[in-house]
Amino acid sequence: PAMISGAAGAMAVVIKDLMADDGPLSDFTRDQRFEQLLMCVLLTGLLQMLCGFVQLAKLVRLIPQPAMLGFMNGLAIVIFWAQIGAFKECNDAEVVDIRND
């Protein structure tokens, strides 16, 4: 599991769902899903640049703080549940006895 924070958190959720075998693109092969993922990331970057050029960042002030906090907390919960499987399946872990006998 990796550390995800900020705006990358929302992209992590989208990427996980797009690449999942039972996700919205389940009819596609893995390579086709990867191509769709690249297009999604490219379009996201283009939209972010367009919003920057038009200076739409000022509109973020209109979003109420409770809505922003709720979104970020919900995102944290989704990321937590997506990564919990990695902790359950830790096959490479080694048991170390830390007692000094």
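The values are calculated or read from the model by the stated rules, or taken from the named source; none is laboratory data. Just so it is clear, the structure is predicted and the values come from calculations on it, not from any experiment. For neighbour counting, all protein chains shown are included, and Cβ atoms are generated from backbone atoms with ideal geometry for every residue, glycine included. Ligands, DNA and RNA are stripped out before the accessible areas are found, and what is left, the full protein with its side chains, is counted by its heavy atoms. Shrake-Rupley method; radii C 1.70, N 1.55, O 1.52, S 1.80 Å.
As an exercise, identify the chymotrypsin sites (Phe, Trp or Tyr not before Pro) in segment 1-82 lying in DSSP coil whose Cβ has no more than 15 other Cβ atoms within 10 Å.
28
In nm, to one decimal, how far is the modelled label at residue 82 from the one at residue 26, with both set 7 Å along Cα→Cβ?
According to this spin-label approximation, the distance is 1.8 nm.
Could you put 84, 15, 77 in order of accessible surface area, largest first, with the 1.4 Å probe and the full protein assembly present?
Greatest to least solvent exposure: 77, 15, 84.
If you average the sequence gap of Cα pairs under 8 Å that are 6 or more apart and divide by the length of segment 7-82, what percent do you get for the contact order?
37
Could you state the accessible area per residue of segment 3-59 in Å², with a 1.4 Å probe and every protein chain left in place?
On a per-residue basis, segment 3-59 sits at 77 Å².
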